[in-house]
Amino acid sequence: MSSIIEDLIARKIFNNRGEETIEVDVVTNGGFGRAGAPAGKSRGKAEVIYYPQGGVEGAIKKVDDLIAPELAGLNADYQEEIDNTLHELDGTSDFKNIGGNTAFAISLANAEAAANSHGLLLFQFIGGNAATTLPYPLGNCLSGGAHARGKAPDIQEYLALPHGAESFLEAQTANTQIHKKLGDLLKKKNSQFNGGKSDEGAWIANIDTVDAFDVMAKVCEEVGNEVDFECGFGLDVAASSLWKPKEEKYVYENEGKKRDTAEQLEFMLELIEKYHVAYVEDPFHEEDYESFAELTRKAKNCLICGDDLFTTNTERLNNGIKINAGNAIIIKVNQIGTLSDAALTIETAKRHGYDPVMSHRSGDTCDWHIAHLAVAYNCPLIKTGIVEGSRIAKLNELIRIEHFLGNRARMADLKIR
């Protein structure tokens, strides 16, 4: 079947927070693709600009008046050509003119349309016959920081990681059990806990930052014993939101403590050692490459992951590679704008021993594309919640992919360093 682009159709839809976002259809003469753009609440300063002047309405107008006429007639099979055209039409380094989310939606919809034109699933089209590896699910169980309201842990996310599972279905089953047991335990510990959840479906509770480690460790151990494989957990500290440049301190407001950079490093090491934390994301603010490198040297059997530090940007990742800042990187395609840009970052990460972690955004849609991207690019982890609707869309898609692959499916080689 032919993959020549015939039309682009843009519309306004809503994400799981009820915020307006853009969705784009790419129509070829042999297929069809559709993608909607997500939005982060905790964003790195180096991320591309989401929308042009005029917001979502302005982005739709750009598609109708500028982008659709330029892409019509091009071959969707040539993803780099499509993405390069988007860069050329924008003319800036941060997608200020057409919007990074506009580019994202077009880029992903184009890849899906190309796959559909050839009668292939997206992960097959991108990854070929080698795409048979499923990621481990990194699931947000307890929210704090910018993702919570009122008194809650200062650390943004406490994440279940069932890294002993032998199948994705087993791993996701364990995560759902951890999430449920955690809710039950929080209710027992605090009669005022009303079952409130964050945008990602994680619990929000009036609990101290450090106490949260005790309940997570307890629940993960209990579920691990029940399912008979290891269920660890990790953190997204989102330290940029704690960092106060004028004071040069990390301010833990609900904990009532301030930590300078050396104290923050010591605090992270203590938590990793005491609770056998397997994954720590953004333990320092987004420009502190040196502290990332020091923690990576000192932490044992733990992935030190950069999100705000790298923002899926190859140039920023290369800055980290020079001094071994971290050993894992969050991949959020809409941080950088196009699938080709994200693919380059993934390739660079792998070449230098960094584990790519395919990730959702807190304000997401029911698109399932990142499930396919995680398999296509052999990412050992996918970070996409546990129970909320837009997360379930991605997790169920991974279950379908595992079922489709049958006895060829295997779990990733996750190196908890």
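The values are calculated or read from the model by the stated rules, or taken from the named source; none is laboratory data. A quick note: this is a predicted structure, and the numbers were derived from the prediction, not measured. Here the Cβ positions follow ideal geometry from the backbone for every residue, glycine too, while neighbour counts run over all protein chains shown.
What to note about this one:
- Unique residue being over 19 Å from Lys151 (Cα atoms) and buried (at least 20 other Cβ atoms within 10 Å of the Cβ) when the list is Leu235, Leu271: Leu271
- Where helices (runs of 4 or more DSSP H) fall entirely within segment 45-152, those with at least 1 residues that are among the β-branched types (Val, Ile, Thr) are at 55-62, 79-90, 100-117, 122-127.
- Within segment 40-94, considering residues that are in contact (Cβ under 8 Å) with a residue 24 or more places away in the chain and of a type in the set (Ser, Thr, Tyr), the one nearest to Ala342 (Cα to Cα): Tyr50
- Leu122 being hydrophobic (A, V, I, L, M, F, W, C), touching a residue at least 24 places away in the same chain (Cβ under 8 Å) and farther than 30 Å from Ser3 by Cβ: no
- So Gly145, is it under 27 Å from Ile401 (Cβ atoms) and either surrounded by 17 or more Cβ atoms within 10 Å (Cβ to Cβ) or at pLDDT below 95 (or both): no
- When residues of segment 189-201 are limited to those that are assigned to a loop (DSSP other than H, G, I, E, B) and within 24 Å of Arg391 (Cβ to Cβ), the one nearest to the chain's Cα centre (by Cα): Glu200
- Taking each residue of segment 165-176 that is more than 18 Å from Phe404 (Cβ to Cβ) and looking for partners that are among the polar types (S, T, N, Q) with beta-carbon atoms closer than 9 Å, six or more apart or interchain, yields Ala165/Gln172; Ala165/Thr173.
- Hits in segment 170-208 - residues which are surrounded by 20 or more Cβ atoms within 10 Å (Cβ to Cβ) and among the hydroxyl-bearing types (Ser, Thr, Tyr): Ser198
Every residue, every condition in (1) outside the structural domain of Cys231 (by TED's automatic domain parsing); (2) in contact with a Lys or Arg (Cβ under 9 Å, 6 or more places away or on another chain); (3) not acidic (Asp, Glu), yes or no:
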{"position": "His87", "(1), (2), (3)": "yes, no, yes"}
{"position": "Asp90", "(1), (2), (3)": "yes, yes, no"}
{"position": "Gly100", "(1), (2), (3)": "yes, no, yes"}
{"position": "Ala103", "(1), (2), (3)": "yes, no, yes"}
{"position": "Ala109", "(1), (2), (3)": "yes, yes, yes"}
{"position": "Ala113", "(1), (2), (3)": "yes, yes, yes"}
{"position": "Leu138", "(1), (2), (3)": "no, yes, yes"}
{"position": "Cys141", "(1), (2), (3)": "no, no, yes"}
{"position": "Leu161", "(1), (2), (3)": "no, no, yes"}
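- Within segment 84-104, the set of residues being under 16 Å from Thr28 (Cβ atoms) and either surrounded by 19 or more Cβ atoms within 10 Å (Cβ to Cβ) or small (Gly, Ala, Ser) (or both) is empty.
- When Lys300, Lys350, Lys322 are screened for being at pLDDT below 95 and surrounded by fewer than 24 Cβ atoms within 10 Å (Cβ to Cβ), only Lys300 passes.
- Taken over segment 379-417, the residue count meeting the criterion of being out of contact with any helix residue (DSSP H, G or I) (no Cβ under 7 Å at 6 or more places or on another chain) and either over 30 Å from Glu273 (Cβ atoms) or at pLDDT below 95 (or both) is 20.
- Scanning segment 216-227 for residues that are crowded, with 21+ Cβ neighbours inside 10 Å and over 27 Å from Glu397 (Cβ atoms) turns up nothing.
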